[in-house]
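Single-structure report; data block below.
The values are calculated or read from the model by the stated rules, or taken from the named source; none is laboratory data. Nothing here was measured: the structure is a model prediction, and the numbers come from that model. Here the Cβ positions follow ideal geometry from the backbone for every residue, glycine too, while neighbour counts run over all protein chains shown. Heads up: the accessible areas ignore ligands, DNA and RNA and are worked out on the full protein's heavy atoms, side chains in. Shrake-Rupley method; radii C 1.70, N 1.55, O 1.52, S 1.80 Å.
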Amino acid sequence: GVDLNHPDLEHLRGNISYKDFVSDSIEPLDYAEDGHGTLIVGLLAANGVLKGSAPGVELMVVSALGTDEMGSDKAVSDSILWCKSRNAAIISMSLGGAQDIEDPLDNLAVDAVEQALNVGIFVIAAAGNDGGLILCFLSRTQHLGQFRYFSTVDLLNLITVSIFLRNLGLSLIHI
C-alpha cells in the first residue's frame, strides 16, 4: 500500500492504479505500522523535497498485507494476478513470515508468480523479513549451513533479495 498524504508523494494522487485486497478500500492505504509501502513508493517515485529514482514512473500499488503485516496466499496471489492483468512490467513484493514447510512450492502465490514470469513480467521478491529461516516459496531452495536462501537458477525473470546473518558473522545478498 501507500499513504499519498506524504508531501513528496502528493503528485501521485489520481495518477496511480490501486487495489486493496485487505479491506476493499478505494483510497490508497499503507497498512504497515512502519509505512513500508510508502517508503518503497517514495524510493521510486518521490517528487518533492525528496526525489525518488524514477519520479515519473507509472505505478500500480496493491495492499495485500494487513496492519499485522500478515496476509493470505490468496491475497498475495490475487495481487500478483491483478498486476498481471494490467500488463505490469515489474512486480515488486516484500514478504515475510512462515511458509508451508512440507511443500513450499504448492500454493497460490507461487502459481501467480509463475504466471507473471511466463508472460515476461520481472518479479522482485524480498522475503524473510521475519528474521527467521528463509524457506523459499518461489523457487528451489539452496542450503548453506543453518540458513536457506533463494535461488533463481530456473526463473530468469525473478529477482530475489535475501538475508543478512549478523549473528553468524555472514552477510549474503543473493540477486
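Of the residues HIS6, HIS11, the single one that is open to solvent by 40 Å² or more (accessible area, probe 1.4 Å) and in contact with a strand residue (DSSP E or B) (Cβ under 9 Å, 6 or more places away or on another chain) is HIS11. Restricting attention to region 1-58, the residues that are β-branched (Val, Ile, Thr) and touching a residue at least 40 places away in the same chain (Cβ under 8 Å) total 5. Please tell me if ALA46 is within 20 Å of MET93 (Cα to Cα), among the hydrophobic types (A, V, I, L, M, F, W, C) and crowded, with 17+ Cβ neighbours inside 10 Å. Answer is yes for this residue. Reported count of residues in region 49-77, each being open to solvent by 70 Å² or more (accessible area, probe 1.4 Å) and more than 15 Å from the chain's Cα centre (by Cα), is 8. Number of residues in region 14-43 that are among the charged types (D, E, K, R), open to solvent by less than 60 Å² (accessible area, probe 1.4 Å) and at positive phi equals 0. For region 59-77, a tally of residues being of a type outside the set (Ser, Thr, Tyr) and without any contact (Cβ under 8 Å) to a residue 12 or more places away in the chain returns 1.
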